[in-house]
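The values are calculated or read from the model by the stated rules, or taken from the named source; none is laboratory data. The model shown is predicted, which means the values in this text are computed figures rather than measured ones. Cβ placement follows ideal geometry from the backbone for every residue including glycine, while neighbour counts extend to all protein chains displayed.
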Amino acid sequence: MNRKTGEIVVPTEPVSRATKITGFTFKSYDKSAGVLQFQIKNQDGSPTDLIDATVRLFMYIYQGEEKKEFPIFDNQIITESYMQGVVKYPIPDMLLSYEGKVDVNVYIDFPDGSHTDNLAFTFNIEKSVIDDNVQLNGEYYFKDFQQLLDGVKQEATDAVNAALTNVDSTIEKANQQINEFVEGATQAIDQTVDEVTEQLQATQTKIDTVSQNVTSAQNNLKAVEDKMNQTNQQIGDLGKLKKMYSNSLDFGDYDYSGNPNLMPYITDSWVGALLPNGDTVKDSVKRVITHTKTITTNAGDILSLGLGIPRTAEANNQYLITALQPSTPYTLTVTMSVGSDWTGGTNTIGARVRYLNAAGSTETPINVLLPENVERDKMITHTFTGTTKADLTGMKNCYVQIFSVNGEDKGTVSVSYDVKLEIGTIATPYQPNLLNAPYYLSKVALGENLIKPESQQPVTNSNYLIKIYNTKPMVKGKKYTITLEGTKPATQVFRPFFTRATGDAWEVGDLQPVEGLTNVWSKTFTAADDSHPTTPQVQIYQVPSTSVGQCTIKWLKLEEGNTRTPNISQFKYFGEGLKDSNNPNDYSWDITPEYTEKGLNNTVSLTEPETILGLKNFAEGLQSSGVNVAVEYAKAIDADKYTKHGAIYLGGCAWLAWETLTFQKTEGYAKGSYIRLGADGNASFTYSDVPNIFGGYLWLGGVCQPDYTDGGFGSYHITVENNFDDARKPIVRFIDSPTTPVKKLAVRGFALVFAPAPTENSQVKE
């Protein structure tokens, strides 16, 4: 509550005034009670309109002879009335702890950009006696209660008598004043109707402005709330482990604090001489390529080393790198050595980033020579910078080249594989490109590819419609990401269309190059409609149709979500860390369950012959998700025989297949061996004398469906009796057809595996 208010009139006249001494004195005990109230007026004496205006106060206090600024925050200055020009400044408790004179200056910033210096004044702060450790004494503050009560009664009696005496005269005066007021008001109403109307209109305009300000403030408040929610989410995430996925743990001792490397991870096959004018040696251990140029017969026989993905004829025999962004500064860092046998100066050798524009001409956003007289025979790191053009339309075949300017020079130049290309003008430490092989680093789990496997064959053609892919259904309103690896003419773009139940297929726009990857194109979008109910498809076109050329698509991936993930079957490793870091060494790594499971599944192929060197004898039997999968081994009868190796086939569309067997002994055949197939435990079919030199097939039955099926015809018991020693390969396995690859095979668990049980003389180890 404002119990002590110092009122100050703030004029806006262009008159120089001396500092106004207000005479106001606030006490140190005036906690939450003292207020400076400013009445800001125009030159004609009317209140100043403060809508969208900012009132600023500057206060100064004294410490000895030194004048110091006292801090004032914007939220401490309160505009009491925008239209009446009333502003209040509650005296803060921090200022009341000061004792002495306070100097104040008042400034106003108006919304039209004008500013005024309005007033300088002073007031004082004094220390209250109570704050000087005065001992409160009861006799100073209290009187006898009865004495006080008697005094109050007497004062009340006197007041009542005086009031009764004055009632009659007061009523008469009041009636007279009311009549005069009504008469004057009636006259004034007629005279001021127009004024009131104008004022109402002006007031309405100001109200509208205030309403707009309130709306703006509400929007700002919403932004603050969103930021607070985001901050709270981040605080909540602090206790959660952050995850990262990779297909390689060979992260090395690199410094990952800098910018991402846009160059692919260079290996022996990803670097080479572009011109056959000498001898080239690649050292995969030291990760260095050394080229000794010996031919100088042609002027065009310059040093020319390329780094990037393996070159192809389509790429003009260059080593390609990622597509560049327009109007972007890049820094190229190369570690290289110029041999003492190089006949030219070191400033005849340089590095550049090259690409072809739409007209087929060469562009070099980075093209820099080494300094003169660089130390020879020493690997030295050099930095080269440049900026791309604003228009990169038609850019293709972008690559990094180490070159010389003179064909007559010869000698030796060595270049490290650890080349870095990054955005910006400042070089940061080398780190491998973790987006590419062998890492495929990601901070999100692998997204399921919604493209059906039967559609994934690579394609190369010059058609407007390059290829149609069958997909799993998509849902309207969900976010998806589509990615492909492929090549196209510089004039063309990849544009996908999705089928729906009614109307033409809907498009999502052009795929864009993925930064840091070569020939990979991607786009995230929101599904405009549900997929076609029976034939959900995506159609990939090259656009425009008037300039079609040869296009290649190696693979296509469609996944749910707004993040592109690699086109791989699974991540081998996952890491967990306490902080969200781009440094893989900040995470603790382990093998993913998917990779472990696939490793077990791949022990025996469903389509190709496999050699099983041995199987563990599990005490609890072979299990899948804790369930025994019914693969059992019988005890061998003697050293030369083992018999009745059984498993239970649990239904589905499948074939039983056996394969060529390998023996330690070369003589003998499979006489006396058989495969017996029984329904519900009863023998119903026996295939005798299983040959050991070729394979065969038995149809087990069941209805083949496009999706997983249990067959619905009961269980089969399969018994194998073998009569030879030292079999090294599986005897039998299941496939879904003798002539076509496995698509979907419905069996429960791992009841696909038969293997010879070890005998005393067997070479198969447990």
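Residue check: is THR328 surrounded by fewer than 18 Cβ atoms within 10 Å (Cβ to Cβ), within 34 Å of the chain's Cα centre (by Cα) and within 20 Å of ILE423 (Cα to Cα)? Here the answer is yes, as THR328 does meet what is asked.
Would it be correct to say that TYR107 is crowded, with 16+ Cβ neighbours inside 10 Å, in contact with a Phe, Trp or Tyr (Cβ under 9 Å, 6 or more places away or on another chain) and hydroxyl-bearing (Ser, Thr, Tyr)? Break it down into steps so the answer makes sense when it comes.
Numbers: crowded, with 16+ Cβ neighbours inside 10 Å: no; in contact with a Phe, Trp or Tyr (Cβ under 9 Å, 6 or more places away or on another chain): yes; hydroxyl-bearing (Ser, Thr, Tyr): yes.
So TYR107 fails the test.
If you take the residues of the stretch 387-445 that are in contact with a helix residue (DSSP H, G or I) (Cβ under 7 Å, 6 or more places away or on another chain) and polar (S, T, N, Q), which of them is surrounded by the most Cβ atoms within 10 Å (Cβ to Cβ)? My answer is SER404.
None of ARG56, ARG3 is farther than 22 Å from ASP131 by Cβ and among the basic types (Lys, Arg) except ARG56.
Any idea which of (1) touching a Phe, Trp or Tyr at 6+ places or on another chain (Cβ under 8 Å); (2) in a loop (DSSP other than H, G, I, E, B); (3) at pLDDT 85 or above is the one ASN617 doesn't satisfy? For ASN617, the failing item is (3). The set of residues from the stretch 538-551 being touching a residue at least 40 places away in the same chain (Cβ under 8 Å) and either surrounded by fewer than 17 Cβ atoms within 10 Å (Cβ to Cβ) or outside any strand (DSSP E or B) (or both) comprises GLN539, VAL543, PRO544, SER545, SER547, VAL548, GLY549, GLN550.
Only a single criterion out of (1) in a strand (DSSP E or B); (2) within 49 Å of the chain's Cα centre (by Cα) is not satisfied by LYS67, namely (2). Of the residues that make up the stretch 495-515, is at least one crowded, with 16+ Cβ neighbours inside 10 Å and of a type in the set (Gly, Ala, Ser)? Checked the stretch 495-515: no residue is crowded, with 16+ Cβ neighbours inside 10 Å and of a type in the set (Gly, Ala, Ser).
Listed here are the residues, each with its yes/no results for (1) under 16 Å from THR116 (Cβ atoms); (2) in contact with a strand residue (DSSP E or B) (Cβ under 8 Å, 6 or more places away or on another chain).
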site: VAL9; (1), (2): yes, yes
site: ILE21; (1), (2): no, yes
site: PHE24; (1), (2): no, yes
site: LYS27; (1), (2): no, yes
site: MET59; (1), (2): no, yes
site: VAL86; (1), (2): no, yes
site: TYR89; (1), (2): no, yes
site: ASP93; (1), (2): no, no
site: SER97; (1), (2): no, no
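Quick grid of which residues meet (1) among the hydroxyl-bearing types (Ser, Thr, Tyr); (2) closer than 20 Å to THR565 by Cα; (3) touching a strand residue (DSSP E or B) at 6+ places or on another chain (Cβ under 8 Å):
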residue	(1), (2), (3)
ILE451	no, yes, yes
ILE468	no, no, yes
THR471	yes, yes, yes
LEU484	no, yes, yes
PRO489	no, no, yes
VAL493	no, no, yes
PHE498	no, no, yes
GLY516	no, yes, no
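Rundown of residues vs (1) among the aliphatic types (A, V, I, L, M); (2) closer than 23 Å to THR205 by Cα; (3) not assigned by TED's automatic domain parsing to the domain that holds ALA120, yes/no style:
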{"site": "ASP52", "(1), (2), (3)": "no, yes, no"}
{"site": "TYR60", "(1), (2), (3)": "no, no, no"}
{"site": "GLN63", "(1), (2), (3)": "no, no, no"}
{"site": "VAL104", "(1), (2), (3)": "yes, no, no"}
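The strands (runs of 3 or more DSSP E) found wholly in the stretch 241-292 and carrying at least 1 residues that are in contact (Cβ under 8 Å) with a residue 12 or more places away in the chain and basic (Lys, Arg) occupy 242-246, 278-283. Within the set THR294, THR267, THR290, the sole residue that is surrounded by fewer than 19 Cβ atoms within 10 Å (Cβ to Cβ) and under 20 Å from THR322 (Cα atoms) turns out to be THR267.
Only one of ASN42, ASN75 is over 53 Å from the mean Cα position of the chain (by Cα), polar (S, T, N, Q) and in the same structural domain as SER114 (by TED's automatic domain parsing). Can you tell me which? First the steps, then the outcome.
Numbers: ASN75 fails: over 53 Å from the mean Cα position of the chain (by Cα).
Of ASN42, ASN75, the one residue that is over 53 Å from the mean Cα position of the chain (by Cα), polar (S, T, N, Q) and in the same structural domain as SER114 (by TED's automatic domain parsing) is ASN42.
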